[in-house]
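S.K.: One structure, pasted below without further comment.
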Amino acid sequence: PRLCVVGSGPAGFYTAQHILKHHGGARVDIYEKLPVPFGLVRFGVAPDHPEVKNVINAFTQTARSERCTYYGNVTVGKDVTVAELRQAYHAVVLSYGAEDNRVLGIPGENLSGVYSARAFVGWYNGLPENRDLKPDLSCETALILGHGNVALDVARILLSPLHLLRKTDITDSSLAALACSKVKRVWLVGRRGPLQVAFTIKELREMINLPGARPVLNPADFTGLENAIKDAPRPRKRLTELMIKTALEKPGEKTMEVQAVAAQAAAPREWGLKFQRSPQEVLPTTDGRRARGVRMALTRLEGSGDSAKAVPTGDVEELECGLVLSSIGYRSRPLDPAVPFDTQRGVIPNSSGRVEGVPGLYCSGWVKRGPTGVIITTMNDSFDTAQSVLEDLRVGVLDVSASREGFGAVESILGSRGVRPVSFSDWEKIDAAEVARGKAAGKPREKIVDPQEMLQLIGR
């Protein structure tokens, strides 16, 4: 069987890995629109979380397998259609993730000083499409809308001491911008309460322990929560207990070590969580060009737990800030008119990864289940899709008696359209160049952010 996977992030690689491992004859081709592989592992994981990027080693083993081939710099839906891939392969798996962000849908969202967290993360992680973002960091207060791990990542990067960031693979230009940043206060705002936050305890603890930045949590926000969490699942319980403990801790109770760090920071930085506030409008400066604050509706919760809804009370509050980062979620886009797409939910309608109404077409990862979860969630999800493919091969739903040309057919299509794919060994040259540049600067790598430069490097 000849199979192909569209997208080389965790979903694509885990799907390919599982199929290759459990079917001794399958050949899998992986298509990626950028010259470089690994998707959000490269462009989403925070630069100061290098251990999370270790999965790249396993993905590299998969890509080097003699039954797997990587084709970068190929945009499916434009350079080659899904219909053309379906002609060339016995099965096609769409694992192209969520490359858009959800919009707030409020007035003032397009003022300068307002960015999506997705673009901001792409900027400091060297995602080519965000390399020219140039966020304005000249204000003292930043407001992040959202209570997920991405919101905490962004807050941490904004407030991290430079000496910590210098040792990471954060891009050179974003490091330079952060060195000049005036931001010293970050508020993370959510529509619901402390029991509904979406971030995890590891990320919260890291934020609380960030040198030179103090947490500002209002004890009143946590009144009575000890009782409410008695029967909560353990992760939720521990997370809430950590917030309560942080809210109630007096500055004097901190260790000598933390005091020493605080003393160093002549201008102590701070961050805090604000709850039950829903953004209504980004307020403009008098010239109408820039953000100067956000007007928020105060909310009350109806229902409890994860299903609690935030309902406006009628009261509003204005928060001053010159930088607004919206971190309310990623969104998948439809790739090709030939593929069914649920615009409401932002996913491809499917059952166990089998695309509804299109035999031989599958999906895995965020485009399959929505943009939630961590790498391990995506791994399990991709194995589930791979199982569906293997099952369909076994029972003959996928007819392998008809031979398919695979890349042979695609190559001539790409050739006729003037598209030259980038191979995995091409990527390894780019990788080596990045690592060499990083070494000179004492970093794990210095990412190349311009696709043209990547192509020049491999002699295009």
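S.K.: The range 10-90: which GluC sites (Glu not before Pro) are DSSP loop and have at most 13 other beta-carbon atoms within 10 angstrom?
M.R.: Qualifying residues, ordered by number: Glu66.
S.K.: Specify whether the C-alpha gyration tensor of the range 84-240 places it in the rounded, prolate or oblate class, a ≥ b ≥ c being the square roots of the eigenvalues: rounded for a/c under 1.5, otherwise prolate if a/b is larger than b/c and oblate if not.
M.R.: oblate
S.K.: Would you rank Trp271, Trp187 by solvent-accessible area, highest first, keeping every protein chain in place and using a 1.4 Å probe?
M.R.: The most accessible residue leads, giving Trp187, Trp271.
S.K.: Run through the DSSP bridge list for the chain and note the antiparallel percent, rounded to the nearest 5.
M.R.: Numbers: 23 of 62 bridges.
Approximately 35 percent, going by the DSSP bridge assignments.
S.K.: Could you tell me the calculated FRET efficiency between Ala440 and Leu162, based on Cβ-Cβ distance and R0 = 22 angstrom, to the nearest 0.05?
M.R.: Once rounded, the FRET efficiency stands at 0.75.
S.K.: Also, I was wondering about something else. Taking the alpha-carbon centroid of each part, what is the distance from the range 78-144 to the range 428-443 in angstrom?
M.R.: Each part's Cα centre sits 25 Å from the other's.
S.K.: Could I ask something else about it? Once ligands and nucleic acids are excluded and a 1.4 Å probe is used, how much of Lys274 is accessible, expressed in Å² to the nearest 10?
M.R.: 40 Å²
S.K.: In addition: To the nearest 10 square angstrom, what accessible area does Phe383 show with a 1.4 Å probe?
M.R.: Rounded to the nearest 10, that gives 50 Å².
S.K.: Positive end of the dipole of the chain, charges at C-beta (+1 Lys, Arg; -1 Asp, Glu), about the Cα centre: which of Val355, Val419, Thr62 has its Cα farthest in that direction?
M.R.: With unit charges placed on the Cβ atoms, the residue in question is Thr62.
S.K.: Within straight cross-link reach of Lys447, meaning Cα distance under 12 Å, which aspartates and glutamates are found once same-chain residues fewer than 8 apart are removed?
M.R.: Counting by Cα, and skipping residues close in sequence, Lys447 has these aspartates and glutamates nearby: Asp169, Asp172, Asp431, Glu434.
S.K.: Hey, can you grab everything whose amide H is under 5 Å from the amide H of Val316? Only 5+ residues off in sequence or another chain; H modelled, so Pro and N-termini drop out.
M.R.: Residues meeting the criterion, in which the H sits 1.01 Å from N, are Leu298.
S.K.: To continue, here is another question. Give the relative contact order (percent, whole number) for the range 268-324; include only Cα pairs under 8 Å separated by 6+ residues.
M.R.: RCO, the range 268-324: 31 percent.
S.K.: Taking a probe of 1.4 Å, how large is the accessible area per residue of the chain, in Å²?
M.R.: Counting only protein heavy atoms, the per-residue value for the chain is 45 Å².
S.K.: Just check the range 127-170 against the gyration tensor rule for me: Cα atoms, a ≥ b ≥ c as the square roots of the eigenvalues, rounded for a/c under 1.5, and otherwise prolate or oblate depending on whether a/b exceeds b/c.
M.R.: Rounded, since a/c falls under 1.5.
S.K.: Testing the spin-label approximation: label points 7 Å from Cα along Cα→Cβ at Lys78 and Leu457. State their distance in nm.
M.R.: If labels sit at Lys78 and Leu457, their model points lie 2.1 nm apart.
S.K.: Can you find, among Thr141, Leu164, Pro128, the residue sitting farthest towards the positive end of the charge dipole of the range 101-182, where Lys and Arg contribute +1 and Asp and Glu -1 at Cβ?
M.R.: Leu164
S.K.: On a full-extension model of 0.36 nm per residue, what is the gain between Lys237 and Ala119, subtracting their alpha-carbon distance, rounded to one decimal in nm?
M.R.: Value of the extension gain: 39.3 nm.
S.K.: Return the FRET efficiency for the residue pair Ser425, Lys182: r is the Cβ-Cβ distance, R0 is 60 Å, and the value is rounded to the nearest 0.05.
M.R.: Values: r = 45 Å, r/R0 = 0.74.
Calculated value: 0.85.
S.K.: Of the accessible area of the chain, with the probe set at 1.4 angstrom, what percent is carbon plus sulfur?
M.R.: Roughly 51 percent of what the probe reaches on the chain is carbon or sulfur.
S.K.: Taking the Cα centre of the chain as origin and charging only Cβ (+1 Lys, Arg; -1 Asp, Glu), how large is the dipole, in debye to the nearest 20? Could you put the intermediate results ahead of the total?
M.R.: Values: 59 positive and 52 negative charges, 118 e Å.
Here the chain has a charge dipole of around 560 debye.
S.K.: Say the cut-off is 26 Å between C-alpha atoms; which of Lys134/Lys184; Lys134/Lys167; Lys167/Lys202; Lys33/Lys182 go over it?
M.R.: Lys33/Lys182
S.K.: Counting only helical runs of four or more DSSP H residues, what would the 222 nm mean residue ellipticity of the chain come to if each run contributes -39,500 (n - 2.57) and the total is spread over all its residues?
M.R.: Result for the chain, helices only: -10000 deg cm²/dmol.
S.K.: I've got another one for you. Is the shape of the range 329-438 rounded, prolate or oblate, going by the alpha carbon gyration tensor and its root eigenvalues a ≥ b ≥ c, with a/c under 1.5 for rounded and a/b larger than b/c for prolate?
M.R.: Details: a/c = 1.66, a/b = 1.20, b/c = 1.39.
Oblate is the answer for the range 329-438, as a/c is 1.5 or above yet b/c matches or exceeds a/b.
S.K.: Now, a different point. In whole angstrom, note down how far apart the Cα centers of the range 194-244 and the range 361-382 are.
M.R.: The distance from the Cα centre of the range 194-244 to that of the range 361-382 comes to 27 Å.
S.K.: While we're here: Could you list the trypsin sites (Lys or Arg not before Pro) in the range 1-33 that lie in coil according to DSSP, counting only those with at most 15 other Cβ atoms within 10 Å of their Cβ?
M.R.: Here no trypsin sites (Lys or Arg not before Pro) fit, given the DSSP loop and packing criteria.
The values are calculated or read from the model by the stated rules, or taken from the named source; none is laboratory data. On a predicted model such as this, the values are computed, not experimentally measured, just so you know. A quick note on method: Cβ atoms are made from the backbone with ideal geometry, for glycine too, and the neighbour counts reach across all protein chains shown. Heavy atoms of the whole protein, side chains included, go into the accessibility calculation; ligands, DNA and RNA do not. Shrake-Rupley method; radii C 1.70, N 1.55, O 1.52, S 1.80 Å.
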